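Peer 1: The structure's right below; bear with me while I get my questions together.
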């Protein structure tokens, strides 16, 4: 279960047992997916002649064809430029947030002074920063990285502050008693304690950042998946729009899978805790 | 949007340890704000920045004042809040219903779970172009988008909360001869309510972000449109004033929902 998605609905223990024991639970899942695809196909058929608000709905088959043709033409380049923005913003914003979070979390005076400001910025959605980022950084790569970085920063900093303020007091006292210097204590206790929390922030920031890539590219559409999405939208090609949405979803899913794998390598004890 | 993300939005960076002195509690953040504004002012002054690039704090304040006295601004706020409110109510209601059903019926859960999981990876932002193609700039499109954003947060957290209810409560209810539905509504849903309420608050933050994003890409009125119009006419002071308003309304909405859930759940 944990291999598929980061936070699936946990089954009650006895249900999990049953699921493992009997293969028919897989069948229910397959039936659900098939039913969803069926409803989608029937709806597309019904709305083909122009039905009310939803004027056209592409059939699953048409979307699949579009996806295949996009995959052979242009998808790799678009994906590469979107991923470049994402990785730069995600790493930059996340690492900066970890550093600032450590500073604000450990130095109480600074924390009291500046944490309320960060708290006030958080409800401003990242989209609202688009005009400013364009004025400051222009329409290119850096303005999008700024937006993604900001979105990830505001997620990760919460975890960083949380992580380093929640280190148990007895551990700090024990380390003092054992004669650790402040520097040693920082390296061996506070930094690892914070990092494991920061990694959760990075995971949460994964989808937040990827979502922001879409927004940034929709607005400043010059390259990437979002630009493609905007281009096919302007030509009213619903099948291509839906195929591009699928691309975003698949990329997001793969990133989560990869990150889960990396996280398990880095912090093997985390999964034990979750279980 | 994931439930972890919802959790993050529900989390705050507020220090848990209570301040010893009110002067510290109010004074230190005030020092922070003053420092921020001073840095802002000095940056503008030192680099001799044009007000298009970075207006001075006073200009932003003036723009905010102008907005508040103008009638159009309040129309924009009302439009955004209507889009938010209608979608949010639908999303929370539908999400809780499906979540409860998923927790109650394992067959339903097994059937619906893969679909929900797959759809969750299509973030609300990715729907924006399609929603505009289908519904234009109408209220319906935004309502559906907000409902979608809210729904997935609520489904996952409602199902989770229902399944994590203390099994003793269920056993006691069963022993007292409660029917399955009575047990579900009178015991389990009540026990799960605080968790559901806190994720409803987090969902509000996500929904508010979705509203502004949807307006930004295609709308005829609303706070997102206010910002676009200001930025195309190069009034950066109005842009920042609009951002402040978006932040304030977002925080306000979240506070109202927190207050509502607290007063409604006064028994916990």
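Taken together, the values in this text are just the output of simple stated rules run on the coordinates, not laboratory data. As the structure is a prediction and not an experimental result, all values here were calculated from the model. Every residue, glycine among them, receives a Cβ derived from its backbone with ideal geometry; neighbour counts consider all protein chains shown.
Peer 1: What is the spin-label model distance, in nm, from residue A:262 to residue A:173 if the labels are put 7 Å beyond Cα along the C-beta direction?
Peer 2: Here the modelled spin labels are 3.9 nm apart.
Peer 1: Can you tell me the 0 to 90 degree angle between the C-alpha axis of helix B:236-264 and the longest principal axis of chain B, rounded to 10?
Peer 2: Approximately 30 degrees, to the nearest ten.
Peer 1: Can you tell me the 0 to 90 degree angle between the C-alpha axis of helix A:141-165 and the longest principal axis of chain A, rounded to 10?
Peer 2: Helix A:141-165 and the main axis of chain A meet at about 50 degrees.
Peer 1: Which FRET efficiency value, to the nearest 0.05, is calculated for residue B:175 and residue B:119 with the Förster distance at 51 angstrom and r the Cβ-Cβ distance? Write out the running numbers ahead of the final one.
Peer 2: Values: r = 39 Å, r/R0 = 0.77.
It comes to 0.85.
Peer 1: Taking chain A as a Gaussian network, Cα atoms linked when under 10 Å apart, which of A:38, A:29, A:140 shows the biggest mean-square fluctuation?
Peer 2: Highest fluctuation of the listed residues: A:29.
Peer 1: I would also like to ask the following. Taking 7 Å along the Cα-to-C-beta vector as the label spot, tell me the residue B:164-residue A:120 distance in nanometres, rounded to one decimal.
Peer 2: Computed distance between label sites residue B:164 and residue A:120 equals 3.3 nm.
Peer 1: Let me have the 222 nm mean residue ellipticity of the protein assembly as shown computed from DSSP H runs of 4+ only, each contributing -39500 (n - 2.57), with the sum over all residues rounded to the nearest 500.
Peer 2: Numbers: 24 runs with 422 residues, N = 543.
The helix contribution divided over the protein assembly as shown gives -26000 deg cm²/dmol.
Peer 1: Rounded, prolate or oblate for the stretch A:186-243? Axes are the square roots of the Cα gyration tensor eigenvalues, ordered a ≥ b ≥ c, and the cut-off for rounded is a/c under 1.5. Each step should come with its number before you reach the end.
Peer 2: On the way: a/c = 6.53, a/b = 3.74, b/c = 1.75.
Here the stretch A:186-243 falls in the prolate category.
Peer 1: In which sequence would B:231, B:138, A:181, B:199 go, from the one with the fewest C-beta neighbours within 10 Å to the one with the most? If you can, show how the numbers build up before the last one.
Peer 2: Details: B:231 19, B:138 15, A:181 10, B:199 26.
Ordered by Cβ neighbours within 10 Å, fewest first: A:181, B:138, B:231, B:199.
Peer 1: Now for a separate question. With the alpha-carbon atoms as the only input, what is the per residue convex hull volume for chain A in Å³?
Peer 2: Details: hull volume 50.1 nm³, N = 275.
Taking the convex hull of the Cα positions in chain A, it is 182 Å³ per residue.
Peer 1: How large is the convex hull of the Cα atoms of the protein assembly as shown per residue, expressed in Å³ as a whole number? Each step should come with its number before you reach the end.
Peer 2: On the way: hull volume 100.8 nm³, N = 543.
Cα-based convex hull of the protein assembly as shown, divided per residue, equals 186 Å³.
Peer 1: Taking the number of other C-beta atoms within 10 Å as the exposure measure, put A:247, A:164 in order starting with the fewest.
Peer 2: On the way: A:247 21, A:164 25.
Arranged by neighbour count, lowest to highest, A:247, A:164 become A:247, A:164.
Peer 1: Under a crude label model (7 Å from the Cα following the beta-carbon direction), how far is residue A:68 from residue B:190 in nanometres?
Peer 2: My value for the distance between the label points is 5.7 nm.
Peer 1: Suppose the chain between residue B:25 and residue B:108 were pulled fully straight at 0.36 nm per residue; how much longer would it get relative to their current alpha carbon spacing?
Peer 2: On the way: separation 83, 0.36 × 83 = 29.88 nm, distance 4.99 nm.
That works out to 24.9 nm of additional length.
Peer 1: Also, quick follow-up: Helix A:108-121 versus the longest principal axis of chain A: what angle, 0 to 90°, nearest 10, using Cα atoms?
Peer 2: That helix lies at roughly 10 degrees to the long axis.
Peer 1: OK, next. Which whole number of Å³ per residue matches the convex hull of the alpha-carbon atoms in the stretch B:54-264?
Peer 2: Values: hull volume 28.6 nm³, N = 211.
In the stretch B:54-264, the Cα convex hull volume per residue is 135 Å³.
Peer 1: Fewest to most neighbouring Cβ within 10 Å: what's the order for A:217, A:197?
Peer 2: Values: A:217 25, A:197 22.
Starting with the residue having the fewest Cβ neighbours, the order is A:197, A:217.
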